[in-house]
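Student: Got a structure for you, written out below as structure tokens; questions coming shortly.
The values are calculated or read from the model by the stated rules, or taken from the named source; none is laboratory data. Because the structure is predicted, anything quoted here is derived from the model rather than measured. Using ideal geometry, Cβ is built from the backbone for each residue, glycine included, and neighbour counts are taken over all protein chains shown. Calculation scope for accessible area: heavy atoms of the full protein, side chains included, ligands and nucleic acids excluded. Shrake-Rupley method; radii C 1.70, N 1.55, O 1.52, S 1.80 Å.
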Amino acid sequence: MWPDDDRLVPFTDGALEPDLQDLADTLSAAGQRARRRASVPSRAFAADLRTRLVDESVSPRRSALQGTATMDRVRPRVVAREAATFRVPRWSVAAVAAALVIAVVGIDGGWLDGGPAETAVVGATDAVLVRDGTRAPLEAGMQLHEGDRLLTGADGSATLALAGGETRLAASTDLTIDDISGTEVVLEQAAGRAWHRVDDPLERYVVTTGDVTWTATGTAFDLDRRPADRGGEEVRAIGIEHDVTAIGPGLAVSVTEGTIAIVALGPTDGARRVRLDTATTADLADTWLRWNATRDLALGFDIGVLEPELAQASERPKPTPTSVLTPRPTGDGDPRPSAAPTAVPTSEPTPRSTPKPTPKPTPKPTAKPTPKPTPTPTPNLASLGLDVTSCDGGFAVLDWTTAPAEGFGHYQSLRSTSSSIAPAYPPKAPALAPDGLYTTDRLALRGTDTGLEPGTAYWYRTLALTAGDDAYAASPVRAIEARPIKALGALAWSVEAGTVTFEWLAYGGPQACFGIAKLVVSQTDDTPGYLEGGSNAVWASEDQAAGGAVLGGFTSGTHFARLEILRDTWIGKVLVARTDVATIVVP
């Protein structure tokens, strides 16, 4: 076609240039999602698209089989075409892409619709499929079924298309597909790291890691199952877009967008089950996260907490490089970023050496000022250490380190249902200052916070304040999930010669949560309790390991007994744990 030929060229006749075909596929996916969500492509998606439009005609390509990055020139067919006709100006590429945007997003777009999403392997390197006990190399195009187990090697990776979204496995990852029905995906992540991108049509997307189940209430999160520093295993989860909920024994927490949760798997021996922190700029600069976010942009998805930084990086003007790094994924879906930049050959002249004319001035790096981290109200704060223990019975024990003596007025710890707590007093809602976490004694380094709602996540920060309530030292923000009263099971008993022998399961919770064990008995109340009145404490011990007692003095008749664990707090004793009620008949 000559430049003055104004006939329309259909985009489905196979004549589209390879680079434009890649853009067409990207925009088609974006258009489908935009129509379904009744929205327009995000700012970050637009920035990524613009970068691709003005990018070099030389880009890294990754082999789907070997996983090695090489630098390829413009394909010979394109070069020959340009030599035989004319060089297509950059603005014409942008114009075609703009037409695609209008057509795909603005109208029905069915002629670019890729059809229903399939459940298949998009790309894989050094990966294995285990099906019905048989192992086979994992390859692009393979259809996936329930019961399939996917293993990536030490240098491997894999991208899976699941119900319209994508699940991407890093190296040394073990993933099993438990359910891939039309509206539900259930996976078991036995080891390694995986990016989970969930698409809107799914009703339920669940990932199990040991005794913890992760359920997507948003559309993107990252899970890294790994050995813990103190033995055992843990999962490091990052909320990328919206939230993901973690449920397990003694655990129920929502990991919100921009939050990092480290969750211990299996028995914790009284240690904290979960730690929540806000993701820092350094956390979000992780190569794996940035690669996956860039691929999601190319597929037309929003990328939540990663959008501002990635959009600004895409909008930043690029100087003429001596090497090119392209985090944008290639068509084979291999999720491993290039290990190192590959140099652009300099032995022959390239079009980049000549400045390119532009129809308008080159835009500034950003259209608005780069967002800055939220400034702390009181700079140069000294650091305090803080450990928060979630106790059975709906309370927390806080232990902090000693503040510098100069300027000390009092300690005040703040509690919030948000992970963001400014180191300043008075607290800003939803943060508040519980009375039990206030003290004027600089050497008093423990406080209790009561009245917590079981199953709810709470965040804490301890401040050292002057007499005028100015903060001069602060701890990091720590998180817990409040626990209900713990059930210790049955209270066993036996009667012999007027003596009653009791046995129970000793309280195995954190030592900070234990105060005293009391055996309460009543002949009139069939639900005896020390704090409820009407019951007598016939035995008590401050030994947490105590698991039995032998008592005399019981009169003939029926007695109702129960063992309770109690803890002193600033409001008095609170119930931590208790056994079932035992009905004792003494002859």
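Student: Can you work out the Karplus-derived ³J(HN,Hα) for every residue in region 476-488? Use 6.51 cos²θ - 1.76 cosθ + 1.60 with θ = phi - 60°, whole Hz, and x for glycine or proline.
Tutor: x, 7, 10, 10, 9, 10, 5, 10, x, 4, 8, 8, 9
Student: Continuing with the same structure: For region 501-586, which GluC sites (Glu not before Pro) are both in a DSSP coil and crowded by at most 15 other Cβ atoms within 10 Å?
Tutor: Of the GluC sites (Glu not before Pro), the ones in loops of region 501-586 whose Cβ has at most 15 other Cβ atoms within 10 Å are 532, 542.
Student: Another question, if that's okay. Express in nm, to one decimal, how much length is gained between residue 527 and residue 541 on full extension, taking 0.36 nm for each residue of separation and deducting their alpha carbon distance.
Tutor: 2.9 nm
Student: Then there is this: Whole number in Å², please: accessible area per residue of region 200-299, 1.4 Å probe, ligands, DNA and RNA not counted.
Tutor: 39
Student: While we're looking at this one, here's another question. Among rounded, prolate and oblate, which fits region 457-587 when a ≥ b ≥ c are the square roots of the eigenvalues of its C-alpha gyration tensor, a/c under 1.5 means rounded, and a/b larger than b/c means prolate?
Tutor: Note, shape of region 457-587 comes out prolate.
Student: How large, in percent, is the carbon and sulfur part of the accessible surface of region 467-587 at a probe radius of 1.4 Å?
Tutor: It is 50 percent, rounded to a whole number.
Student: Related question: In percent, what relative contact order does region 426-500 have, based on Cα pairs under 8 Å that are 6 or more apart in sequence?
Tutor: RCO, region 426-500: 23 percent.
Student: So, in nm, how far is label residue 490 from label residue 179 when the simple model puts each one 7 Å beyond its Cα toward the Cβ?
Tutor: 3.4
Student: I've got another one for you. Quick one: ranking 410, 242 by accessible area, 1.4 Å probe, largest first, what do you get?
Tutor: Result of the area sort, largest leading: 242, 410.
Student: Could you compute the FRET efficiency for residue 470 and residue 132, with r as their C-beta to C-beta distance and R0 at 60 Å, rounded to 0.05?
Tutor: Once the sixth-power term is evaluated, E becomes 0.35.
Student: Sticking with this structure for a sec: Along Cα→Cβ, 7 Å out, is where each label goes; now give me the distance between the ones at residue 573 and residue 432 in nm to one decimal.
Tutor: Here the answer is 2.7 nm between the modelled labels.
Student: Could I ask something else about it? Give me the distance in nm between label points sitting 7 Å out from Cα along the Cα-to-Cβ direction at residue 149 and residue 282, one decimal.
Tutor: 3.8
Student: With a cap of 16 neighbouring Cβ atoms within 10 Å, and only residues DSSP puts in a loop, list the GluC sites (Glu not before Pro) found in region 152-261.
Tutor: Those satisfying the criteria are 203.
Student: Which far-off residues, 5 or more places away or on another chain, put their amide H under 5 Å from the one on residue 178, with H placed in the peptide plane?
Tutor: Close amide H contacts, sequence-distant or interchain: 147, 186, 187, 188.
Student: Oh, and also: Between residue 511 and residue 402, what FRET efficiency follows from the Cβ-Cβ distance if R0 is 25 Å, with the result rounded to 0.05?
Tutor: Here the calculated transfer efficiency is 0.75.
Student: Hey, another quick one. Just to check I understand the Karplus step: with θ = phi - 60° and J = 6.51 cos²θ - 1.76 cosθ + 1.60, what whole-Hz values come out for region 400-407, glycine and proline as x?
Tutor: After applying 6.51 cos²θ - 1.76 cosθ + 1.60, I find 10, 8, 6, 7, x, 5, 5, x Hz.
Student: Once you sort the root eigenvalues of the Cα gyration tensor of region 377-488 as a ≥ b ≥ c, which label holds: rounded (a/c under 1.5), prolate (a/b larger than b/c) or oblate (the other case)?
Tutor: prolate
Student: Now a separate question. So, taking all protein chains as they sit and a 1.4 Å probe, how much accessible area belongs to residue 435, in Å² rounded to tens?
Tutor: My reading of the accessible area for residue 435 is about 110 Å².
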